[in-house]
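What follows is one structure encoded as structure tokens, with my remarks underneath.
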Amino acid sequence: QLSFAQTNMAGRFGRAMLRPFKRRQYEPGRSNLNNQLWRATQWWLGVLEGPPPRPIAVGAMDRPLVISYSDGEGKDAGVGVAVWSPLASRAKAGYLRVPQEVRDLWSREGSLSRDIYEIEAIGPLTILHNWPELLQGCLWIHFIDNAAGLSSLVKGSSSVFSGDIIVGATWQLVIALDVLPW
């Protein structure tokens, strides 16, 4: 029933919060309420009181067209972003270096940093966060060169918990800003 509910909500951001339930159904004999399951349950209880409706885009051409690009690089954990909008007199661009503390949280292999997926996936979130006035109510075309980042943003969930957090935060801003992303 929750899976059906998330398909009718804007942004499919609920999909990431289904993962703890799906994992649990394939763990026979386990019945404890772990932290992820507890947080997902609390999130769903809050959302189901007033879920954001799934919009149907009609007249999308009446919206301003914003085009953006992001690219990450693993060695220095940098993310470059660029945005072109009719609401700005010139293109906006920036560079973000992900702090080592955040990379440590993302690390899945102890001290090895295998976080290029997360570095790439935060590009769209960085744009939404830093220039909301350019994206409010727009038709947004974003270019990302990481297949895993693109896939998780499109489907609304990731195979890793850190990715679910990035995807969920991205879709929450998309919904809050009334953006039609592509």
Cross-chain or 6+ apart pairs with Cβ under 6 Å, the stretch 101-114 first and closer than 11 Å to Ala77 by Cβ and at pLDDT 80 or above, then open to solvent by less than 100 Å² (accessible area, probe 1.4 Å) and among the basic types (Lys, Arg)
none
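State yes or no: is Ile122 open to solvent by less than 90 Å² (accessible area, probe 1.4 Å) and part of a helix (DSSP H, G or I)?
Working: open to solvent by less than 90 Å² (accessible area, probe 1.4 Å): yes; part of a helix (DSSP H, G or I): yes.
Yes, satisfied.
Considering the stretch 119-147 alone, what residues qualify as being of a type in the set (D, E, K, R) and under 14 Å from Tyr69 (Cα atoms)?
Narrowing the stretch 119-147 to residues of a type in the set (D, E, K, R): 120, 133, 145.
Residues satisfying the conditions are Glu120, Asp145.
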Please go through (1) open to solvent by less than 60 Å² (accessible area, probe 1.4 Å); (2) closer than 25 Å to Ala121 by Cβ for Glu73 and return the number of the only condition it doesn't satisfy.
(1)
For residues that are crowded, with 21+ Cβ neighbours inside 10 Å and out of contact with any strand residue (DSSP E or B) (no Cβ under 9 Å at 6 or more places or on another chain), scanning just the stretch 135-162, find the one that is modelled with the highest pLDDT.
Ser152
Among the numbered conditions (1) over 22 Å from the mean Cα position of the chain (by Cα); (2) open to solvent by less than 40 Å² (accessible area, probe 1.4 Å); (3) aliphatic (A, V, I, L, M), tell me where Ala82 comes up short.
(1)
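The values are calculated or read from the model by the stated rules, or taken from the named source; none is laboratory data. This one's a predicted model, so the numbers in the text were calculated from it and none came from an experiment. FYI the Cβ positions are ideal-geometry reconstructions off the backbone, even for glycines, and counts take in every protein chain you see. These accessible areas exclude ligands, DNA and RNA; they are computed on the full protein's heavy atoms, side chains included. Shrake-Rupley method; radii C 1.70, N 1.55, O 1.52, S 1.80 Å.
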